[in-house]
Amino acid sequence: MKKAFLPQTKVLYLETPSNPCLTVLDITELSRIAHERGITVIVDNTFMTPYLQRPLELGADVVVHSATKYLNGHGDVIAGFIVGKQELIQFMRKHIMGDLGQNLNAWDAFLILRGLKTLGLRVRQHVQNAEAVAQFLEKHPAISRVYYPGLASHPQHELAKRQMAGMGGIVSFEVKGGYEAAKSFINALRLAMISFSLGDPETLVQHPASMTHFSIPPEERAKFNITDGLIRLSTGLEDAKDIIGDLEQALSPLLTAAAAHQ
Ligand SMILES: *Cc1c(COP(=O)(O)O)cnc(C)c1O
């Protein structure tokens, strides 16, 4: 990070855990390094919500959330929040808001306020389900890799335990067999739905190589471990047994296909 800062750098923009491979960054340490150089730190806290991670208390200057995700939590609103010191918010209100966007409409604001009442309950269930799903996937023979900060195998597991009050509801994993295997797997799911979004009551899956990260050249994607077999899963609020049962039935044809190949 130090090497990436240029004399004209004004902002350090972090997303932790990152999308889609859930790399965890040290907010306290990176804020300290940025502040030594007078650089403002912005953290995208969408994957965590304030229930699991509080970047302002760790030294960040501004927090942004896609309220479309867990904060509203019901998949029926598109909105965002910016949180920070009053001077910064006033600056944005005066100089940026008029150019980039207007107020949220009253109905969407109402839906978010209603969703927020169950944030804690929902997030606890999302996290519990994600932990069960990550453990199931880590043992499955059709899977080559699982990314979840709560697994001891995650490279920043210790940092995640210090920085986050829970490990979040997103689990990413790689199916063996690349693009075709990933495609046939998500098409075979019956409970989980295919969606670009996350943080809904329903379990959602997406295939970054053909969806969210399709516009990035394959060589660039490879640098960030976004392989053709990678799947991002947002665990919903269903019973963990139902989610795992669905994953199991959609993964088993991959094992049969792999055996036929040998
Ligand atoms: C979805 C998402 C966004 C964009 O939010 P929208 O509400 O879809 O505009 C930004 N950051 C992260 C981490 C997201 O998941």
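Quick note: the coordinates plus some simple rules give every number you see, no bench work behind them. All values reported here derive from a predicted model rather than from experimental measurement. Neighbour counts are summed over all protein chains in view; Cβ atoms, including those assigned to glycine, are modelled from backbone coordinates with ideal geometry.
Observations, loosely collected:
- Which numbered condition Asn187 misses (of (1) within 16 Å of the ligand (Cβ to nearest atom); (2) of a type outside the set (Lys, Arg); (3) over 15 Å from the mean Cα position of the chain (by Cα)): (1)
- Residues of region 204-234 that turn out to be of a type in the set (S, T, N, Q), within 16 Å of the ligand (Cβ to nearest atom) and part of a loop (DSSP other than H, G, I, E, B), as a count: 2
- Filter result (of a type in the set (S, T, N, Q) and more than 16 Å from the ligand (Cβ to nearest atom)) within region 65-90: Gln86, Gln90
- Comparison of Leu14, Leu22, Leu30 shows that the only residue that is crowded, with 16+ Cβ neighbours inside 10 Å, touching a residue at least 24 places away in the same chain (Cβ under 8 Å) and in contact with a His (Cβ under 8 Å, 6 or more places away or on another chain) is Leu22.
- Test: residue in region 54-64 that is within 12 Å of the ligand (Cβ to nearest atom) and either over 22 Å from Ser234 (Cβ atoms) or not in a helix (DSSP H, G or I) (or both): yes
- Cβ pairs under 6 Å, 6+ apart, first in region 40-54 and on the phi > 0 side of the Ramachandran plot, second within 10 Å of the ligand (Cβ to nearest atom): Thr49/Tyr70
- Region 170-184, subset small (Gly, Ala, Ser) and in a helix (DSSP H, G or I), residue nearest to the ligand (Cβ to nearest atom): Ala182
- Counting the residues of region 141-162 that are under 16 Å from the mean Cα position of the chain (by Cα) and touching a residue at least 60 places away in the same chain (Cβ under 8 Å) gives 6.
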